[in-house]
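First the structure, in the form of C-alpha cells, and then the observations on it.
FYI, it's all coordinate maths here, none of it is from the lab. What you see is a predicted model; the values in this text were computed from it and never measured. Here Cβ is always computed from backbone atoms with ideal geometry, including for glycine, and neighbour counts include all displayed protein chains.
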Amino acid sequence: MRRTAADAAEFSALYQETNADLLAFLLRRCPTAEDAADYLAEAYLVAWDKRDQIPTGSEIRPWLFGVARNVMLRGHQQRARITAATTALAQELESAQALHSRPVEEHSNRLREAVAELSALDREIITMIAWDQLKPGEIGTILGLSANVVRVRAHRARARLQAILTNAEPERAAGTTPQ
C-alpha cells in the first residue's frame, strides 16, 4: 500500500497529541522508565504499521492506549518467560555441577600433585576414565589411540599414581620387577 506525506503528517499530529499521556500511562505500569520508553516506541510502531486501521474521532485515544497496554503485557510476558528460562537453566547447571563435580577437587592436595606428575596423555586418560566415565574404546576414539593402548596406559598410570601416593617405586606398585 502506498504511503503519502499526508499519512506522515496525520501520524505526527497523533503522536504530538498523545505521547505524553501514553508515556505517563506506561510509566505507572512498568518497572522501569526504560521499559516504559521501549513500550511507547513499540506502541507507536504498531500504530504506524496499522494506521489504516486506526479508528477515527473519540475512539483514537482508547485504541492507542489499548495498543500500548497490549505491547506492555507482551513485554511483561516475555520478561517472565526469560526469567523462568534463566532460573531453570541456573538450576540445571547447579544440578549438573553437583552430579559431575570433579573428584580431584574433593580430595587432598596430595592427589592433585600425584595426578600432576603424570604425563599429559596419561593424565588425560585417567581423568576421562575417572571423571567422564568413558570406556577405553571411547577414549581411544577421542585421542586417536587403540583401545588396547588406552588400557595399557591407564594401567601404568594407575600404578604410577599408587606409587606416588604410597611413596613406593612405580615398578613395584605395578606388580613388576625392574629389569
Check: For the peptides 23-32, 65-74, 84-93, what is the packing order when you average, over each peptide's residues, the other Cβ atoms within 10 Å and list the highest mean first?
Finding: 65-74, 23-32, 84-93
Next item on the list: Determine ³J(HN,Hα), in whole Hz, for all residues of the range 46-60 in sequence, where each value follows from phi through the Karplus function 6.51 cos²θ - 1.76 cosθ + 1.60 and θ = phi - 60°; x replaces Gly and Pro.
Entry: 4, 4, 4, 5, 10, 4, 6, 9, 5, x, 10, x, 6, 8, 5
Margin query: Let me check I've understood the local charge: for Glu124, count other residues with C-beta under 11 angstrom from its C-beta, Lys and Arg +1, Asp and Glu -1. What total comes out?
Written below: 0
Note to self: Suppose each label sits 7 Å from its Cα in the direction of the beta carbon; what would the Lys50-Ser146 distance come out to in nanometres?
What the structure shows: 7.2 nm
Note to self: From the phi angles alone, apply the Karplus equation (6.51, -1.76, 1.60; θ = phi - 60°) to the range 32-44 and give each ³J(HN,Hα) in whole Hz, x where the residue is Gly or Pro.
What the structure shows: 9, 5, 4, 4, 4, 5, 5, 5, 4, 4, 5, 4, 6
Next item on the list: Round to a whole angstrom and tell me the spacing of the C-alpha centers of the range 8-41 and the range 112-157.
Entry: 63 Å
Checklist line | Surrounding net charge for Ala20, when Lys and Arg each add one and Asp and Glu each subtract one, Cβ distance under 15 Å | finding: 0
Checklist line | Charge sum, other residues only, whose C-beta stays under 13 Å from Leu40's C-beta, Lys/Arg counted +1 and Asp/Glu -1 | finding: -2
Check: Which value, in debye to the nearest 20, describes the size of the charge dipole of the range 7-99 about its Cα centre when Lys and Arg Cβ atoms bear +1, Asp and Glu Cβ atoms bear -1, and nothing else is charged?
Finding: 300 debye
Margin query: Can you compute the modelled spin-label distance between Gln16 and Gln133, with each label point 7 Å from Cα toward Cβ, in nm?
Written below: 7.1 nm
